[in-house]
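All of the numbers you see were taken from the coordinates with simple rules; none came from a lab. In this text, all values refer to a predicted model and were calculated from it rather than measured experimentally. As a convention, Cβ positions derive from the backbone with ideal geometry for all residues, glycine included, and neighbour counts pool all protein chains shown.
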Amino acid sequence: MLTIHGVTRSRASRIIWLCHEIGIEFEQVPVIQAYRLPDPDAPDAPLNTRSPQFLALSPASAIPVIEDGGLILSESMACTLYLARKYGQPFGPADPQEDALMMQWSFYAATAIEPDALTLLYLHGSGKTLSASDQAAVRNAAERLIRPLRVVENHLATHSHMVGGRFTVADINMAEVLRYAQSFDPLMERFGAIQAWLADCQTRPAFQKMWEARNAEPA
Ligand SMILES: N[C@@H](CCC(=O)N[C@@H](CS)C(=O)NCC(=O)O)C(=O)O
């Protein structure tokens with residue numbers, strides 16, 4: 001059986017969402033991020049990204065990691081693209097061209113959008129009163145995101161989905177990254193097509209199932 005190492009409040013969420021879409025059963029090992037623990041090295045600390053048994057699987061000390069048969073795989077989008085390819089259509093590629101486009105949008109999400117979207121999540125999304133420098137970091141991240149989000153917006157203005165005219169792994173990878181910026185209204189209100197598509201993605205039963213499990217975990 002597929003094993004997913006990582007709590008749902010992490011990039012494991014994208015793998016879990018895809019598994020629910022496809023109907024893959026999996027075992028989840030709730031490895032938590034070390035930075036979320038007061039003392040990750042304490043003898044009674046829960047299994048975390050610094051635990052020796054997890055480091056044996058992930059030298060990068062990061063969740064998620066999957067195990068499938070003899071394969072041990074890290075990098076959340078490598079995991080989703082692998083599973084989508086393994087199980088094929090409708091969530092995976094129909095041919096090499098679709099495969100290439102799914103990688104294109106996933107890499108674009110991970111490289112051009114995710115770092116600044118995470119800044120919005122960690123600072124604006126924290127709900128805390130921000131220092132002047134944090135406010136500037138939020139403003140700068142949002143400013144930098146306008147260009148890549150315009151690319152996605154223009155695509156979704158003329159396409160129902162990221163690839164292939166149907167919901168696929170590319171929608172999951174892009175939607176999970178854009179979710180990090182979703183609560184920052186001054187940015188998102190400029191992008192109507194993204195907002196409508198994101199709402200459609202997030203009303204899917206498989207997303208809802210993942211989201212319920214995520215929200216059941218301690219923040
Ligand atoms: N590019 C990697 C990033 C992995 C990553 O940074 N994971 C975070 C949680 S979402 C983590 O494990 N952080 C561990 C830590 O900093 O202690 C991926 O997509 O899987």
Within segment 60-84, the count of residues that are surrounded by fewer than 14 Cβ atoms within 10 Å (Cβ to Cβ) and more than 9 Å from the ligand (Cβ to nearest atom) comes to 3
Checking the conditions here, which among E27, E21, E67 is touching a Phe, Trp or Tyr at 6+ places or on another chain (Cβ under 6 Å) and in contact (Cβ under 8 Å) with a residue 24 or more places away in the chain? E21
Quick one: which residue in N140, N173, N215 is surrounded by fewer than 13 Cβ atoms within 10 Å (Cβ to Cβ) and closer than 19 Å to S10 by Cβ? N215
Considering only segment 2-13, how many residues are buried (at least 24 other Cβ atoms within 10 Å of the Cβ) and assigned to a helix (DSSP H, G or I)? 1
Count of segment 27-52 residues which are surrounded by fewer than 16 Cβ atoms within 10 Å (Cβ to Cβ), hydrophobic (A, V, I, L, M, F, W, C) and either in a strand (DSSP E or B) or within 13 Å of the ligand (Cβ to nearest atom) (or both): 3
Hits in segment 1-14 - residues which are touching a residue at least 60 places away in the same chain (Cβ under 8 Å) and within 9 Å of the ligand (Cβ to nearest atom): V7, R9, R11, A12, S13, R14
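Could we say that R36 is over 20 Å from M174 (Cα atoms), among the basic types (K, R) and out of contact with any Cys (no Cβ under 9 Å at 6 or more places or on another chain) here?
Values: over 20 Å from M174 (Cα atoms): yes; among the basic types (K, R): yes; out of contact with any Cys (no Cβ under 9 Å at 6 or more places or on another chain): yes.
Spelling it out, R36 is indeed over 20 Å from M174 (Cα atoms), among the basic types (K, R) and out of contact with any Cys (no Cβ under 9 Å at 6 or more places or on another chain).
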